[in-house]
Amino acid sequence: MSLTKLDIVEREIVAAVRLLFDGGDPIAVCLLASDARDITSRLCEQRNIRPLLDLHPHPNKADLYKIANRYSNFFKHARDDADAVLDDFDEREAHAVLFIAVNDFRRLRDGMPIEARIFGMWFVAWFDPSQHGKEFADRLVGIETMPRPKQLALGKSFLEWAREQPEFREAPY
């Protein structure tokens, strides 16, 4: 089987979204999102496309990338901190990392899998409800005030609904 880096990223994004909306392990979601974000950011840089993190008005880009990798580095490495304890894991931060990966993936490839498109809409509605567009917004109204399990269930039902819609099935990917 031949796989490109973008093929791998697409699979990571799809798996992360499905796992997230199915209420799966947030550490696995975070790791998939972080890996996808790392690859897409690097591919953007190599192709002279500004990755989403570079568009952030943060004064120190190195610090911003360190923040984006904070959890995944803890989950994957034990070189210098074998006995460390992570006391402040916030699974919602994985949503932001996945959103970055989805946006950079969109810049790298024409079209996106339905999971990526639906996650992007869900994230915007969840993160900043004033920003969700009129298209399909009625399906996500009130998401920002729902308890987390309901937010995830809404994402899952939105994805299932979108799979049945011609405008999603006929779009690239």
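The numbers here are math on the coordinates, done by the rules we state, and not lab data. All values reported here derive from a predicted model rather than from experimental measurement. Cβ sites come from the backbone with ideal geometry, for glycine too, and all protein chains shown count toward neighbours.
Once you have a ≥ b ≥ c as the square roots of the Cα gyration tensor eigenvalues for region 69-109, tell me rounded if a/c is under 1.5, and otherwise prolate or oblate according to whether a/b is larger than b/c. Judged from the Cα gyration tensor, region 69-109 comes out oblate (a/c at least 1.5, b/c at or above a/b).
Taking the average, over residues, of other Cβ atoms within 10 Å as the packing measure, peptides 152-163, 91-102 rank 91-102, 152-163 from highest down. Peptide packing: for 104-115, 29-40, 12-23, the average count of neighbouring Cβ atoms within 10 Å per residue gives the ranking 29-40, 12-23, 104-115, highest mean first. Counting charges near A84 (Lys, Arg +1; Asp, Glu -1) among other residues having Cβ under 13 Å from its Cβ returns a value of -2.
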